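**Student:** Before I ask anything, here is the structure I am working with.
The values are calculated or read from the model by the stated rules, or taken from the named source; none is laboratory data. Because the structure is a prediction, the values reported are computed rather than measured. Glycine also receives a Cβ, built like all others from the backbone with ideal geometry; neighbour counts cover every protein chain displayed. We work out accessible area using only protein heavy atoms, side chains counted, and drop any ligands, DNA or RNA first. Shrake-Rupley method; radii C 1.70, N 1.55, O 1.52, S 1.80 Å.
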Amino acid sequence: MVLKFAVIHFSLIKIKAAFLHFEFFLRRKINKQFKNTDVTSLKNTDFVIVANNCFGGQVYKSFGLPYNTPFVGMFLYGPCYIKLLKDLENYLAKDLVFVTESVYQDRAKTYPVAKLGDIELHFSHYTSEKEAAEKWYRRKKRMCENFNLDNFYFIISDRERVDVNLIKEFHKLPYKNKISFGAKAIDGLCSLKHVAVFEAFKRNKNQVPGGTKLFKISSLYFDFEKWINDKKVKRTRFDY
């Protein structure tokens with residue numbers, strides 16, 4: 001009886017999620033302005049997003065803010081991202097060294113790849129090393145002008161070799177403002193730390209969408225503005 005109730009409950013959750021995502025999809029298609037986020041809702045506009053994918057770039061683009069982070073238009077594989085965060089200032093002090101091959105051989109490299117010491121940066125939205133380097137250094141300089149880790153917001157999602165163990169390792173890091181996204185809930189991580197995303201239309205059910213789309217649907221799961229303004233995670237319409 002208990003098992004039957006649990007199955008029914010979970011099925012209702014999935015149906016609710018599907019309707020929420022469909023509603024969100026329709027609102028974006030019907031009203032183009034829905035894509036644009038009101039910057040006046042932010043009391044804090046000089047925040048820094050550090051993410052392992054394009055989430056941060058979409059944040060600044062949506063709010064019409066300068067890119068206060070060099071982690072834009074690029075991604076890092078999970079092991080490199082965790083290594084970066086464990087020694088962030090040291091890695092940021094290093095120069096980019098572009099390479100012709102990656103240690104990760106799971107996709108064709110049709111974009112610039114650079115190393116910071118022993119970690120790799122994949123500039124997947126850039127066409128040349130020159131463009132990637134110019135924007136990396138310009139945005140890094142902007143970020144470092146007001147370097148305050150209390151105003152840094154760290155994000156990880158379960159893509160590019162990010163597994164449960166790496167997400168748990170991420171949450172052990174000494175940064176105040178952290179949140180993770182994954183296709184499933186994780187034992188030991190409450191919903192204020194880890195957001196389990198049911199994305200009804202994604203092709204790969206084992207991971208969340210890419211950073212750009214993930215930010216666009218994130219309002220269904222947590223209040224991004226409150227996180228930036230008050231440094232507190234508040235779940236919104238869908239929490240499981």
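**Student:** What per residue convex hull volume, in Å³, comes out for segment 103-188 when only alpha-carbon positions are used?
**Tutor:** Given the Cα convex hull of segment 103-188, per-residue volume reads 132 Å³.
**Student:** By average Cβ neighbour count within 10 Å, what is the ranking of 222-229, 151-158 from highest down? It would help to have the intermediate numbers written out before the result.
**Tutor:** Details: 222-229: 18.1, 151-158: 22.9.
Peptide ranking by packing, descending: 151-158, 222-229.
**Student:** Give me the percent of accessible area attributable to carbon and sulfur for segment 130-201, probe 1.4 angstrom.
**Tutor:** Working: 1770 of 3620 Å².
Within segment 130-201, the accessible surface is 49 percent carbon and sulfur.
**Student:** What is the local net charge at residue 111, summed over the other residues whose Cβ is closer than 11 Å to its Cβ (Lys, Arg +1; Asp, Glu -1)?
**Tutor:** Within the 11 Å Cβ shell, the charges total 0.
**Student:** Run the count for segment 91-194, please: Lys pairs, Cα-Cα under 12 angstrom, 8 or more apart or on different chains.
**Tutor:** 7
**Student:** When we measure straight from the Cα of residue 231, which aspartates and glutamates land under 16 angstrom away, once same-chain ones fewer than 8 places off are left out?
**Tutor:** Partners within reach: 46, 150, 223.
**Student:** First measure r as the distance between the Cβ atoms of residue 118 and residue 89, then evaluate 1/(1 + (r/R0)^6) with R0 = 22 Å and state the FRET efficiency to the nearest 0.05.
**Tutor:** According to the calculation, E is roughly 0.90.
**Student:** While we're looking at this one, here's another question. Carbon and sulfur together cover what percent of the accessible area of segment 38-103 at a 1.4 Å probe radius?
**Tutor:** 50
**Student:** How large is ³J(HN,Hα) for each residue in segment 114-125, as worked out from phi by the Karplus curve 6.51 cos²θ - 1.76 cosθ + 1.60 (θ = phi - 60°), to whole Hz, x for Gly and Pro?
**Tutor:** Per residue, the Karplus-derived 3J(HN,Hα) values read 10, 10, 10, x, 9, 10, 10, 10, 10, 8, 5, 9 Hz.
**Student:** Then there is this: Rounded, prolate or oblate, given the Cα gyration tensor of segment 87-145, with a/c below 1.5 counting as rounded?
**Tutor:** Here segment 87-145 falls in the oblate category.
**Student:** What does DSSP give for segment 99-240 in terms of the percent of beta bridges that are antiparallel, rounded to the nearest 5?
**Tutor:** 45
**Student:** Still on this structure, please answer the following. Could you state how much accessible area residue 76 has, in square angstrom rounded to the nearest 10, with a 1.4 Å probe and all protein chains kept in place?
**Tutor:** 0
**Student:** Using modelled backbone amide H atoms (1.01 Å from N, in-plane), which distant-in-sequence or interchain residues come within less than 5 Å of residue 181's amide H?
**Tutor:** 156, 157, 158, 195
**Student:** If R₀ is 51 angstrom, what is the calculated FRET efficiency for the pair residue 44 and residue 100, using the beta carbon separation as r and rounding to 0.05?
**Tutor:** Details: r = 41 Å, r/R0 = 0.80.
The computed FRET efficiency comes out at 0.80.
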